[in-house]
Amino acid sequence: MDALRLVSIAAVVLGHAYLTDLTFSRYLEIWRMPLFFFLTGYFWTRGRPWAKDVRGRFRSLMVPYLVWAALMSVAAFAWFADDPDLLRRLVLTGWYGGADQEPPWWAFWFISVLFFTTVLRRFLERFPSAVAWAVGLAGLAWAHLVPDSAIARTPLGVGLALPCLLFVLSGEMFRRHVQPHVRRHRTLIGVGLVLLGLVAVRLGLEPPNIKFGGFGTPVLTPAVGVLMSAGMVLVFGSMVERLLRSFARRTGTGQALRRVITALVRTGTVVVLLHGWVLMWIMRHGVEDNFAKFALALALSWVAGLALLATPLSKPFTGARRRWYPVHRLRRVEPPHPVTSALPRVTTASERTHP
């Protein structure tokens with residue numbers, strides 16, 4: 001399943017590198033952000049003490065958020081010091097958070113929203129599950145009924161935690177109550193769910209724009225996002241996992257491949273927070289080709305994350321524990337990676353380490 005996390009991280013950078021030039025963007029947006037929250041729920045571990053869990057998630061999500069936000073402020077000053085009005089707007093919206101964050105704070109909103117969503121989910125564990133679903137549905141109604149992206153223009157986008165809770169709950173429900181009953185033909189069913197979602201978009205289903213509080217066609221768009229996320233989990237948990245194992249056996253690279261994938265997953269928070277600055281930097285150096293922007297932004301952000309993972313700065317910058325080198329020998333149980341909050345109870349070959 002780690003491979004699916006890498007795909008979801010790369011999809012974030014892809015959308016920002018191409019922007020309106022991405023001709024198939026609506027087919028990407030329908031699942032790109034829902035998948036992150038769905039995976040958080042899929043790997044959710046129930047029963048942890050609320051206060052302790054909040055402290056841990058603050059260290060793994062919000063500390064890197066604040067550290068990188070400070071660095072983005074320095075970058076904004078270096079680039080726009082000659083335009084005080086623009087600089088002031090960038091810094092104010094960057095630190096306020098939510099929908100109006102501009103580059104280089106491009107995807108920061110996601111990290112803060114993920115933090116508040118997981119804190120909310122942990123708090124609601126003490127109540128019957130129907131209460132959590134009611135809270136999520138109320139948040140979705142707020143997003144649809146209150147105009148001008150009001151839910152997304154809350155400080156740090158905290159209001160978005162309410163509707164995004166639905167994706168987390170869906171991931172939980174799928175792993176606990178649906179997936180155990182899908183014992184055969186997982187790949188076929190998963191591909192069918194993904195294709196169903198793509199067909200729905202082709203027929204006119206409105207994709208979401210979660211950063212701005214847009215959840216598409218009421219109920220239908222979130223439901224299709226959940227179905228496609230579930231389909232991807234089935235495909236990556238069966239066919240892709242088998243292909244990776246087969247490749248590892250044939251080449252004798254099983255351990256090395258697993259370590260590399262795990263290291264990349266552990267630096268996902270850095271990619272989310274840093275790639276906006278990298279995109280601006282390479283464009284200021286004349287790179288205009290969209291694919292080149294995507295490849296460079298993704299590669300440079302991941303390289304920076306891997307380098308930081310090997311230093312004493314790992315905790316504040318990546319949210320993950322330091323490794324002497326990025327592909328450090330894996331332990332039996334790893335801490336969750338901040339970007340998906342995924343903590344398997346007992347790890348498998350595809351579930352070692354993880355928002």
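Computed from the coordinates by the stated procedures, all read-outs in this text should not be read as laboratory data. The structure presented is a predicted model; accordingly, all values stated were derived computationally and were not measured. Methodologically, a virtual Cβ is constructed for each residue, glycine included, from the backbone with ideal geometry; neighbour enumeration extends over all protein chains shown.
If the segment from T20 to L87 were pulled out straight at 0.36 nm per residue, it would be longer than the present Cα-Cα gap by 21.6 nm. For the pair L220 and R321, the difference between a 0.36 nm per residue extended length and the Cα-Cα distance amounts to 32.4 nm.
Any chance you could run the full-extension gain for R284 through R176? It's 0.36 nm times the residue separation minus the Cα-Cα distance, nm to one decimal.
34.1 nm
In the range 34-63, whose amide N lies under 17 Å from the spot 7 Å out along Cα-to-Cβ of V131? List them in ranges. Zone members listed by number: 46-51. Ordering of 246-258, 266-278 by packing is 266-278, 246-258, highest average first (other Cβ atoms within 10 Å, averaged per residue). Secondary-structure-derived ellipticity at 222 nm for the chain, considering helices only, amounts to -19500 deg cm²/dmol, per-run term -39500 (n - 2.57) for DSSP H runs with n ≥ 4. Sorted fewest first by neighbouring Cβ atoms within 10 angstrom, I261, I210 come out as I261, I210.
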